[in-house]
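To start, the structure itself, in structure tokens.
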Amino acid sequence: MRRSTVRSVTTAGALLVAAGAVADLLPTVTAVSPVRRLCPGLAGRGDPGHVALTLDDGPHPVATPLLLQRLDELAVRATFFLLAEQVRRYPRVAYETRERGHEIAVHGLRHDPPTRPWRAGTDLVEAHRIIADVTGAKPGWYRPPYGVLTTSRAVAARRLGLRPVLWTADGRDWAAGADGDSVARRVLARLDGGGTVLLHDSDVAAVPGSWRSALGALDTIVGHCRAQGLLVGPLRDHGLRSGSEKSRRRRVTEPALAGQRQNG
Ligand SMILES: [Zn+2]
């Protein structure tokens, strides 16, 4: 093949890949999209008497144990959205998170932006397998990195029985200059009954040490919710059905429905 032909084939291939990536992003639901208001379950809006506490990006060898300790002292359980590569590095911390009674969920294999849609399925299968194997949990929730739910990520999650869920109140604990007060103020300005709080127990995709601001905000957030008569807990207590509960329910009801049809 002539060099110019090779170049044009390569360019066409690159364009096809780019077009695929753009097509994957077109029906994207992001954390800032107004679509979240139209899909309250996806945004993490649940039982109005409950606030879901979620922590992303862990496990982390220093941050996660400190947060687990503080959550024990506050008698609060939370949902941890784990990154499988962090689970591989710190399996004992991941296992301990579940052992302490917290809910385990899937954040992804690593903290990638959605630039490789053709890898979304295999990456999520691998992430789910690692997280389930190490923790012994059966995750039912999925939160895509950066809150960007592309078509390929949504399809892959559904196949694995994972329900995508984002958040309603983000503390921006990952940002430079954040501290416990700024994170608590920001969360509480956006939080009401039925909301889902997003914090991080790791700085793997953030400013180094940023998790200290999440740790510093916990007491104020939990105290404020309790003063309002709101329970604070994991997504499993939030009045939403997780993906694994949905698939269990489908398995139970479908034969029953088939029986009814035969009988009717
Ligand atoms: Zn994240």
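Read the figures in this text as sums done on the coordinates, not as results from a lab. Since we're looking at a predicted model, the values are computed, not measured. Cβ atoms come from the backbone with ideal geometry, glycine included; neighbour counts cover every protein chain shown.
Quick notes
- Calculated FRET value between residue 96 and residue 38, using beta carbons and R₀ = 51 Å, to 0.05: 0.85
- Of all DSSP-defined beta bridges confined to segment 50-253, some 0% are antiparallel rather than parallel.
- Theoretical gain in end-to-end length, residue 125 to residue 176 [0.36 nm per residue, Cα-Cα removed]: 15.1 nm
- Note on segment 50-253: Cα Rg divided by 2.2 N^0.38 Å, N the number of residues, gives 0.96.
- Contour minus Cα-Cα distance for residue 237 and residue 219 (0.36 nm per residue): 4.5 nm
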